[in-house]
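Notes follow the structure.
The values are calculated or read from the model by the stated rules, or taken from the named source; none is laboratory data. Values in this document were obtained by computation on a predicted structure and should not be read as measured data. Cβ atoms come from the backbone with ideal geometry, glycine included; neighbour counts cover every protein chain shown.
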Amino acid sequence: MPRRILIQLDGDAQPSTFDAVVAVDAGADVLLRHGGVTADSVVPLVHGALFTRGGADLAATAIFVGGSDVAAAASVARRVADTFFGPFRVGVLVDPSGANTTAAAAVVVAMRHLTAGREPLQAVVLAGTGPVGQRVARLLVRKRMRVTLGSRSLSRAEATAATVRKQVPDAQVSAIESFGTVRSGSPLAGVLAAADLVVAAGASGATLLDDAGRAAASRARVLIDLNAVPPAGIHGIVAGDKARAEGGSVVYGALGVGGTKMKIHRAAIERIFQRADAFLDAEELLAIGESIG
């Protein structure tokens, strides 16, 4: 049995140590790490993966696409897929900045508590124009949820909503400006009041939902804050919260979601060594998360 070789393609100068450690723990025997990878430079690296092993042995080679620039990683992933032909292909996991596994995990934990109730369910994704927020929104609309994307910039939120509609043509997704204190009677307060789910997907250092926002979202059954660094993205939630009951809601912090994220990440590494035709993006990672619970 050939050794499992994982080829890590990272757009950053120094490939992610986090991704490397997870890969080894998930069963990669050999890790080949490449930094500074671009769509223009990736083809020879893919050819090196395809033409060194034959037959069934090729399945023991796989590719991980990462890096902190999510758009650049998506471009690299597309070029990787375009380089495959016929039987010359290997399993691929796409997870730049952990955006895909984090988004998948957030949706998995949310849906544990949202299987019953009125339809369609309504969600608000704060910082919805960022890498994780966009993917959370995309996955939620595929669940037939009605999603509102919040952002400091209404124009960016509208552009992101349009992108989601292109990806999911029947998506019910809209945009709203969300910044600062939520004022009673404001459009944002109205959207929060109707929400079954609120997800804060912002960067560290910004509180996206303060006390007033929490009060406005009083009927939400699930609140998830994906920021692990104080101050909290949603006031009152701490990183370690995991299905903590608070009033009529359950709340999750970043570490509370993180256990599910890590399970998905490890299972995905295993999957790309099992199937040479596996190409795992956010949707495929959500399916993995739902299968492992």
note = With the first residue restricted to region 188-203 and required to be without any contact (Cβ under 8 Å) to a residue 60 or more places away in the chain, and the second required to be not hydrophobic (A, V, I, L, M, F, W, C), Cβ contacts under 6 Å at 6 or more apart or on different chains are 188/178
Failed item in (1) surrounded by fewer than 22 Cβ atoms within 10 Å (Cβ to Cβ); (2) under 24 Å from residue 266 (Cα atoms); (3) touching a helix residue (DSSP H, G or I) at 6+ places or on another chain (Cβ under 7 Å), with residue 106 passing the rest = (1)
message = Given (1) surrounded by fewer than 22 Cβ atoms within 10 Å (Cβ to Cβ); (2) over 15 Å from residue 279 (Cα atoms), identify the lone condition not met by residue 124.
response = (1)
query = helices (runs of 4 or more DSSP H) wholly in region 175-286 with at least 2 residues that are under 18 Å from the mean Cα position of the chain (by Cα) and either β-branched (Val, Ile, Thr) or outside the structural domain of residue 130 (by TED's automatic domain parsing) (or both) - which ones?
reply = 254-274
Candidates 101, 129 - the one that is within 22 Å of residue 200 (Cα to Cα), among the hydroxyl-bearing types (Ser, Thr, Tyr) and modelled with pLDDT of 95 or more = 101
request  = Could you grab me the full set of residues in region 1-17 that are over 18 Å from residue 79 (Cβ atoms) and touching a residue at least 24 places away in the same chain (Cβ under 8 Å)?
outcome  = 1, 2, 3, 4, 5, 6, 16
inquiry  = Show me the strands (runs of 3 or more DSSP E) found entirely inside region 12-107 where at least 2 residues are β-branched (Val, Ile, Thr).
reply    = 61-66, 91-94
message = Need pairs with beta-carbon distance below 7 Å; first residue assigned by TED's automatic domain parsing to the domain that holds residue 89 and under 15 Å from residue 79 (Cα atoms) and within region 46-65, second surrounded by 23 or more Cβ atoms within 10 Å (Cβ to Cβ) and hydroxyl-bearing (Ser, Thr, Tyr); sequence gap 6+ or separate chains.
response = 49/61
request  = Tally the residues that are under 21 Å from residue 189 (Cα atoms) and part of a loop (DSSP other than H, G, I, E, B), restricting the search to region 114-163.
outcome  = 10
message = Residues to consider are 99, 127, 110, 123; find the one that is within 21 Å of residue 8 (Cα to Cα) and of a type in the set (Gly, Ala, Ser).
response = 99
